[in-house]
Amino acid sequence: MSNLEEIRNEINKIDNQLVELFEKRMAIIIKVARDKIATNKPIYDQIREEKVVKRAIDKVENIELTEYVKSFFESIMEISKDYQKQLIPSTIHYVDNGNEQIQSVGFQGVFGSFSDSAVDQLYEEKIVRRNYKYFEDLFIAVSNDEVEEGVVPYENTSTGSVNDVLDLLREYNLFITSQIDVIINHCLLGVKGSKISDLVFVYSHPQALMQCEQYFKSNNEVLATPYSNTAVAARDVSIWDDVQKGAIASKKASKLYNLEILQENIQDIKINTTRFIVVKKILQVNKLASKTSFVFTASHKPGALFAILKTFYEYNINITRIESRPNIKRKFEYYFYLDIVGNIKEKKVKDALAIVKLNCGYYKLLGCYDIKGSEA
């Protein structure tokens, strides 16, 4: 036997041990998943993950392997989360029209934001509203029953998807229950008595600034200044009370923060539309829902993605959107997000998704929902 064969035999023995330990670990993961189901805890626990990875790194004796150990354990944590999600059952609750009484709703940003305007269109005025600084704060609030539903921006006609929301839909066990397309009217706001010619700084969310790019090209003496939120920008401009400082925000924000509308519709695309979605803990499906969304991974084999997409062609199901997001825990691997036309109650949709699940490494149904329309 050659020296190389002996070395490979040693590796094989270690690999066998790794497989045995991996199976033991995943068996414990089942217990973790069951506990999370019983206590309504989210799959993703960042603090726990960081502790696991740090503990592993602290045990490394050969410091040259530190980054490799970090990558190895991050991959294990990612696999564990995927496995837990497969184990958590998604009971489908069918409703006649989705108009049941909701007592509380949450959104990201401050009052007067476009998300707040989307809430106006989706719910009655008397509903309890809670606002959150970050998207993840909102997802946690819905997961913990602090609010029944959350409204978040999902996609814009000119700047594309809201990537943070895509990632959170995968990380948390929440589901899309409705969608509303809101025409966004970006207003240039200033303090009372100010004029457009006074402005030197204009504050707004980076996406809003991008959607008004032509305005800044035509007024290059005005500095586009990124801010955390459109309505926060309006609020702070009101507080500063400086004619040189303006904001891009909604009409509602101008009223709430007592600002002058200096110019309306300054966005590049006049029919600038943002798609908002409603997320909920329950996989609730309107019987008349016409859209289904899910996320999956495809194996690294020739034609793997094609085989999945071909399924929808064979079942005569229209794909209206496909997008990829990187798996930050695994180099150059991706999650694919798909929207299709159809209701999961339909036989052809149900059959197609069953085949897709068999060919995916990871699969999560994000929701089956109806589409509304509005303007803000």
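Read the figures in this text as sums done on the coordinates, not as results from a lab. Keep in mind it's a predicted model, so treat the numbers as computed, not measured. Because the Cβ atoms are built from the backbone with ideal geometry, glycine has one as well, and the counts that use them run over all protein chains shown.
I want the local charge near residue 353. Using Cβ-Cβ distances under 15 Å, sum +1 for each Lys or Arg and -1 for each Asp or Glu among the other residues.
Working: positive: 291, 310, 345, 347, 348, 350, 357, 364; negative: 314, 339, 346, 351.
Value of the local net charge: +4.
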statement: Once the dipole of the chain is set up from charges on Cβ (+1 Lys and Arg, -1 Asp and Glu), the residue from the list 139, 4, 356 lying farthest towards its positive end is 356
field: Charge dipole magnitude, Cβ of K and R +1, D and E -1 - the chain, Cα centre, debye nearest 20
entry: 800 debye
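With a cut-off of at most 16 other beta carbons within 10 Å, and DSSP calling the residue loop, which GluC sites (Glu not before Pro) in the stretch 194-277 qualify? Please list them. Can you show the working numbers first?
Details: sites: 213, 221, 260, 264; in loops: 221, 264.
Of the GluC sites (Glu not before Pro), the ones in loops of the stretch 194-277 whose Cβ has at most 16 other Cβ atoms within 10 Å are 221, 264.
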- request: Express the C-alpha Rg of the stretch 295-335 as a ratio against the empirical globular expectation 2.2 N^0.38 Å, rounded to two decimals.
  value: 1.30
- request: State the dimensionless ratio Rg/Rh of the chain (Rg: radius of gyration of Cα atoms; Rh: Kirkwood radius).
  value: 1.05
- prompt: Longest exposed-loop-site-free stretch of the chain, with trypsin sites (Lys or Arg not before Pro), DSSP loop and at most 11 other Cβ within 10 Å?
  reply: 196-269
task: Indicate, rounded to the nearest 5 percent, the antiparallel portion of the DSSP beta bridges found entirely in the chain.
output: 60 percent
- prompt: Can you give the relative contact order of the chain as a percent, counting alpha carbon pairs under 8 Å and 6+ residues apart?
  reply: 20 percent
- prompt: How big is the shadow of the Cα convex hull of the stretch 187-263, averaged over all directions, in nm²?
  reply: 4.1 nm²
query: Who wins for biggest fluctuation among 185, 12, 327 in a Gaussian network model of the chain, springs between alpha carbons below 10 Å?
result: 12
message: Given a 10 angstrom Cα cut-off, can you work out which residue in 302, 326, 226 is the most mobile in a GNM of the chain?
response: 302
- request: Using +1 at the Cβ of each Lys and Arg and -1 at the Cβ of each Asp and Glu in the stretch 187-263, identify which of 225, 199, 259 lies farthest towards the dipole's positive end.
  value: 259
- line: Of the convex hull drawn through the C-alpha atoms of the stretch 144-226, the volume per residue in Å³ is 142 Å³
message: Could you list 205, 300 so that the one with the fewest beta carbons within 10 Å of its beta carbon is first and the one with the most is last?
response: 300, 205
Convex hull (Cα only) mean projected area of the stretch 3-87, reported in nm² to one decimal: 6.8 nm²
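Quick check for me: using +1 on Lys/Arg Cβ and -1 on Asp/Glu Cβ, what's the dipole size of the stretch 281-367 about its Cα centre, in debye to the nearest 20? List each step's numbers first, then the result.
On the way: 16 positive and 6 negative charges, 57 e Å.
Dipole of the stretch 281-367, to the nearest 20 debye: 280 debye.
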